[in-house]
Amino acid sequence: MREVASEVLILGAGPAGLAAAAAAAEAGARVDVIEGNRSPGGQIWRPEGATEAHPTTRRWQQRLLRTGVRVHLETTVVAADGPRCIYTVCGGEMSRFRTSRLVLATGSRELFLPFPGWTLPGVTGVGGLQALVKSGWPIEGKRVVVAGSGPLLLAVADSLRRRGAKLLLIAEQAPRRAVVRLARQLWRSPRKAIQALGLMARLVQVPMRYACWPLRATGDECVRSVLLQGSDGSIELECDALACGFGLVPEIAIAAYLGCDVECGAMSVDAQQQSSVPGVYGAGEITGVGGVELAVAEGAVAGTAAAGARVPVRWLARRDRQQAFVSHLDRAFALRPELRRLAAPETIVCRCEDVAFEALAGAESARAAKLATRCGMGSCQGRVCGPATRFLFGWHHDRVRPPFFPVPMAALAAIGTVQPSSANPACYQTFTMDC
Amino acid sequence: MSRQIEVRVDGRALRVPAGISVAAAIARAGVAVFQRSVGGEPRGPLCGMGICFECRVVIDGRRDVRSCMAVCSEGMEIEVARA
């Protein structure tokens, strides 16, 4: 197994991770960044095609190069032995990173909610379709409905439109008045205001409905049409693709495993971005979904603090300013209770194990459901159904256990026996391997 | 504009721009169903970022590879039907 010694180890090379890496390195620390994708930049600065980095990422990369930050791409975190020892796998090879400080910048993922037909091919996430299209997925001439909730809907719709998709409808579940109220807050952030105005102008030809959400997708082997609930009755549209996502949820699995306090699904941090576990910092969407400017501001604070340097007051102020916008965002795109009733009894909730809504409805907790039905035990390890069942049934996440991602047995065996995490002793039993 | 390479999707040759994902190549081959769920339902990519595992296929004989994360390379053998 490869050994890497680091002072500040950063998990994730999205906006928060890149900002944290630059700040920590510029404060004099030896910095390593672990990133699962082929290129840094996260989802928001995802490159077009797989070969060239996004222009913004390139600027960050140049900054990281100057300071000697090492970025480990296509590297997945699979286990941890406390916050100072992180195991990764890259192309079948295991590495052990030892570090004195850890910055979690693991970002967020989309919230998918089950409704009849949501498992059909052609029904994707909103960010999901965006990511696919950026990697060469054919969209030109396709009839697309974009549905769900949040600012991502407009951004993705605009990007699909530019690539020649025929946008039939943007369906935002939030009421128009809530979004208008949010728009009134935009003066606080001129950059966001300009972005929003630009989007609205470019999408002026695309039908948009508020208080509108998908009820059912139909098709045999691929989505053919979608039925939506609107304020003035239901509407059915024939389409080739339905992009549907109900906002973003923080990716907290590793934070939870390490014993960091989590509140309302997000990692709790103090003014220096430090979590309840000393030496573990959080930056970006993992601490609450707030957009790219907040992620960069938090990353700079976290990286500096993790390097043991004093954080400039204006950096803290910049972060706090961005933070103020988050609560407005949450309020505007709050999910309506009707979305809890979209699934029919036979609708699949856990896609990996094909567990239907009716099999889960009586369970008391995620753990009880898991034991009875295997809900959340498949390949995605509850990354898709976990947030959904949290919204549907109010279940809290079950304990996180390594491996965090499916990993070849040979690679796992290389770790051998790890010490139980003091924060999470139950993890020991399933993870210990004799070899 | 971009260089074209050749891959095979279930044995059929397909020319695609270099650098696109395997998932994109499969879609360009006109295939919608990437895999069958444990209950036999048709499935295709959902998240596009490597977390949902719905786009798993066989690439050059390796099973369970997430096609949204894999990039096409010259001569690559992609098997969807077997996935």
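Magnitude of the charge dipole for the protein assembly as shown, about its Cα centre and with charges confined to Cβ atoms of Lys, Arg (+1) and Asp, Glu (-1), is about 1420 debye.
At what distance in nm do the modelled label points of residue A:326 and residue A:181 sit from each other, each positioned 7 Å from its Cα along Cα→Cβ? Inter-label distance under the simple model: 2.0 nm.
The overall shape of the range A:196-253, judged from the alpha-carbon gyration tensor, is oblate: a/c is not under 1.5, and a/b is no greater than b/c.
Classify the protein assembly as shown: rounded, prolate or oblate, from the alpha-carbon gyration tensor (a ≥ b ≥ c, eigenvalue square roots; a/c under 1.5 rounded; otherwise prolate if a/b is larger than b/c)?
Numbers: a/c = 1.33, a/b = 1.17, b/c = 1.13.
Verdict is rounded for the protein assembly as shown.
When the Cα atoms of the range B:4-79 are aligned to their principal axes, the ranges along those axes come out at 36, 23, 22 Å in descending order. Here, the range A:326-399 has an Rg and a Dmax of 12.9, 39 Å when only alpha carbons are counted.
Note: relative contact order over the range B:4-79, using C-alpha pairs below 8 Å and six or more positions apart, is 38 percent. Think of the range A:88-161 as a dipole: +1 on every Lys or Arg Cβ, -1 on every Asp or Glu Cβ, centred on the Cα centre; then among A:141, A:125, A:100, A:100 lies furthest on the positive end. Counting Cα-Cα pairs of the range A:1-145 in 5 Å increments starting at 0 gives whole-percent bin shares of 2, 9, 17, 18, 17, 14, 10, 7, 4, 2, 0.
Taking every residue in A:120-131 and counting other chain Cβ atoms within 10 Å of its Cβ, the average works out to 6. Here the contact order of chain A, divided by its residue count and restricted to Cα pairs under 8 Å and six or more residues apart, works out to 19 percent. Where is the GNM fluctuation largest for chain A (alpha-carbon springs, 10 angstrom cutoff): A:232, A:81, A:354? Most flexible of the set in this elastic network: A:232.
Indicate the gyration tensor shape class of the range A:17-88 (rounded, prolate or oblate), computed on the Cα atoms with a ≥ b ≥ c the square roots of the eigenvalues: a/c under 1.5 is rounded; otherwise a/b larger than b/c is prolate and the rest oblate. Kindly include the intermediate steps, with their values, before the conclusion.
Values: a/c = 2.52, a/b = 1.21, b/c = 2.08.
Oblate.
Size estimate for the range A:273-366 follows the Kirkwood approach: the inverse of mean 1/r over distinct Cα pairs works out to 16.5 Å. If one computes the Cα centroid of the range B:1-75 and of the range A:177-213, what distance in Å separates the two points? The range B:1-75 and the range A:177-213 have Cα centres spaced 35 Å from each other. Residues A:267, B:49, A:94, A:1, arranged from fewest to most other Cβ atoms within 10 angstrom of their Cβ, appear as A:1, A:94, B:49, A:267. Once the C-beta distance of residue A:3 and residue A:73 is scaled by a Förster radius of 25 Å, the resulting FRET efficiency is 0.85 to the nearest 0.05. Positive-end ranking of A:317, A:175, A:328 along the dipole of chain A, with charges on Cβ about the Cα centre, is headed by A:317. Each Lys and Arg adds +1 at its Cβ and each Asp and Glu adds -1 at its Cβ; summed about the Cα centre, the range B:4-79 shows a dipole of about 100 debye. Note on B:16-27: average number of Cβ atoms from other chains within 10 Å of each residue's Cβ is 5.
Once Rh is set to the Kirkwood radius over Cα pairs, what Stokes-Einstein translational diffusion coefficient, in µm²/s, holds for the range A:198-336 at a temperature of 20 °C and a viscosity of 1.002 mPa s? Translational diffusion coefficient: 119 µm²/s. In nm, give the distance between the simple-model label positions of residue B:63 and residue A:410, each being 7 Å from the Cα along the Cα-to-Cβ direction. Reported label-point gap for residue B:63 and residue A:410 is 1.6 nm.
Per-residue shielding of B:71-79, expressed as the average number of other chain Cβ atoms within 10 Å of the residue Cβ, stands at 1. Here the simple spin-label model places points 7 Å from the Cα toward Cβ, and for residue A:399 and residue A:84 these points are separated by 2.4 nm. For the range A:276-320, the convex hull spanned by the alpha carbon atoms encloses 69 Å³ per residue.
How big is the antiparallel share of DSSP beta bridges in the protein assembly as shown, given as a percent to the nearest 5? Intermediate values should be presented prior to the final figure.
Numbers: 44 of 79 bridges.
Given both bridge residues lie in the protein assembly as shown, the antiparallel proportion sits at roughly 55 percent.
Which residue, A:211, A:29, A:302, tops the fluctuation ranking in a GNM of chain A built on C-alpha contacts under 10 Å? Highest fluctuation among the options: A:211.
Extension gain, residue A:358 to residue A:268: 0.36 nm times the residue separation minus the Cα-Cα distance gives 29.0 nm.
We did not get these values from a lab; they are worked out from the coordinates using the rules stated. Because the structure is predicted, anything quoted here is derived from the model rather than measured. Positions of Cβ are generated from backbone atoms using ideal geometry, with glycine treated the same way; all protein chains shown enter the neighbour counts.
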